[in-house]
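Notes follow once the structure below has been shown.
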Amino acid sequence: MSLCTLCPRSCSVDRSITAGRCGCTDEIKISRIMLHKWEEPCICTGAGSGAVFFCGCPLGCVYCQNSAISRKSANGAFEGEKSYSVTELAREFLHLQEKGACNIDLVSPTQYTPQIIEAVRLAKNEGLTLPIVWNTGGYETAENIRRLDGTVSVYLTDMKYRDSELSRALSNAPDYYDHAIASLLEMVRRVGKPVFEGDRLTKGVIVRHLVLPGCRHDSKAVLESLANAGLADSIVLSLMSQYTPDFFSGCTDEKLSRSMRRRVTSFEYDSIAALADSLGFAGYGQERSSAETKYTPTWGNFEY
Ligand code: SF4
């Protein structure tokens, strides 16, 4: 892979030689493969989703719950990392299918797009029939989404921020919204409105929005922008309250840091949930009790 421009960071580095800002060379690294029961109900039916947690991330949010695998530690490695070839990855997809997974849930996959497309192709040739879920932080280019045509049938994407100063302070990405909305519109264009087989989503787009403490006005702006883009009846909305301050570090905005050191309040979450209803979104809410670190998987485990 040369001159990587897979995500909006557009590092233009040769990843066969060096890592980009996502922390990844072209060697596939994974920290956990599991049958996952804690995703949205429509993507973890039966034995659960077949979750593959990739190492590295184009974003690097200062509150990342998976920071142990999204960023390298001082020893230059991701926690629990294991290298996979494309063929080995394809075999894991087939093994997850044998174990009863209801889909292949690719978590933080963007930086490995070409290798994943090839692994899915190989696995399909060997009998993989499960829907492929692209579980992304939303910091994608529309071009990368076009690349995934014919590979991905379900997008599970974040829409984190509307305000560029907020996305700069919390994810060092002032251009987050512009890229996230353009890629979301491309996702909807590609896979269309949600399609279910029984309880299982087999095609469509789920948009996750995490309500952050002290950022209610931005959550409001996010939902209004989605509604203004005509997306209320084209997506499943997953409104999340699981922010936990345990992982918060490295933010230089003092005022923001003060509010980010607490959990979201019932008032903050409920007012955004009421707005989502009034704008016509359908989907999922979340219990505030889910804001606990116990819901973060342990890393370096490949048995399932
Ligand atoms: S995927 Fe990684 S190397 Fe490629 S542009 Fe994004 S951050 Fe840079």
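Can you find even one residue in the range 94-107 that is within 16 Å of the chain's Cα centre (by Cα), within 20 Å of Met159 (Cα to Cα), away from the ligand (no atom under 16 Å from the Cβ) and surrounded by 21 or more Cβ atoms within 10 Å (Cβ to Cβ)? Yes: the range 94-107 contains one or more residues that are within 16 Å of the chain's Cα centre (by Cα), within 20 Å of Met159 (Cα to Cα), away from the ligand (no atom under 16 Å from the Cβ) and surrounded by 21 or more Cβ atoms within 10 Å (Cβ to Cβ). Evaluate the range 163-184: report whether one residue or more is within 30 Å of Lys255 (Cα to Cα) and among the basic types (Lys, Arg). Yes: the range 163-184 contains one or more residues that are within 30 Å of Lys255 (Cα to Cα) and among the basic types (Lys, Arg).
Val86 falls short of the stated requirement of being among the β-branched types (Val, Ile, Thr), touching a residue at least 40 places away in the same chain (Cβ under 8 Å) and under 30 Å from Asp253 (Cα atoms). Scoring Arg189 on the criteria (1) of a type outside the set (S, T, N, Q); (2) over 27 Å from Cys64 (Cα atoms); (3) buried (at least 18 other Cβ atoms within 10 Å of the Cβ) leaves a single failure, condition (3).
From the list Gln111, Gln115, the one residue that fits, being in contact (Cβ under 8 Å) with a residue 60 or more places away in the chain and either surrounded by fewer than 22 Cβ atoms within 10 Å (Cβ to Cβ) or of a type in the set (Lys, Arg) (or both), is Gln115. When we screen Ser171, Ser238 for residues that are within 24 Å of Ser271 (Cα to Cα) and out of contact with any Ser or Thr (no Cβ under 9 Å at 6 or more places or on another chain), the only hit is Ser238. Identify, by number, the condition in (1) outside any helix (DSSP H, G or I); (2) modelled with pLDDT under 95; (3) in contact with a helix residue (DSSP H, G or I) (Cβ under 8 Å, 6 or more places away or on another chain) that Pro297 doesn't meet. For Pro297, the failing item is (3).
For the range 1-39, the tally of residues that are at pLDDT 95 or above, more than 12 Å from the ligand (Cβ to nearest atom), over 20 Å from Thr129 (Cα atoms) and of a type outside the set (S, T, N, Q) stands at 5. For the range 8-93, the strands (runs of 3 or more DSSP E) that sit wholly inside it and include 1 or more residues that are surrounded by fewer than 19 Cβ atoms within 10 Å (Cβ to Cβ) are 28-36, 82-84.
Among the candidates Gly76, Gly48, the residue that is more than 16 Å from the ligand (Cβ to nearest atom), at positive phi and out of contact with any Gly (no Cβ under 9 Å at 6 or more places or on another chain) is uniquely Gly76. Here Asn75, Asn66 are screened, and the one residue that is of a type outside the set (Val, Ile, Thr), over 18 Å from Gln97 (Cα atoms) and within 18 Å of the chain's Cα centre (by Cα) is Asn66.
Considering every residue within the range 102-109, establish whether at least one is more than 21 Å from Leu3 (Cα to Cα), in a helix (DSSP H, G or I) and in contact with a helix residue (DSSP H, G or I) (Cβ under 8 Å, 6 or more places away or on another chain).
no
The values are calculated or read from the model by the stated rules, or taken from the named source; none is laboratory data. Values in this document were obtained by computation on a predicted structure and should not be read as measured data. All Cβ positions, glycine included, derive from the backbone under ideal geometry; neighbour counts span all protein chains shown.
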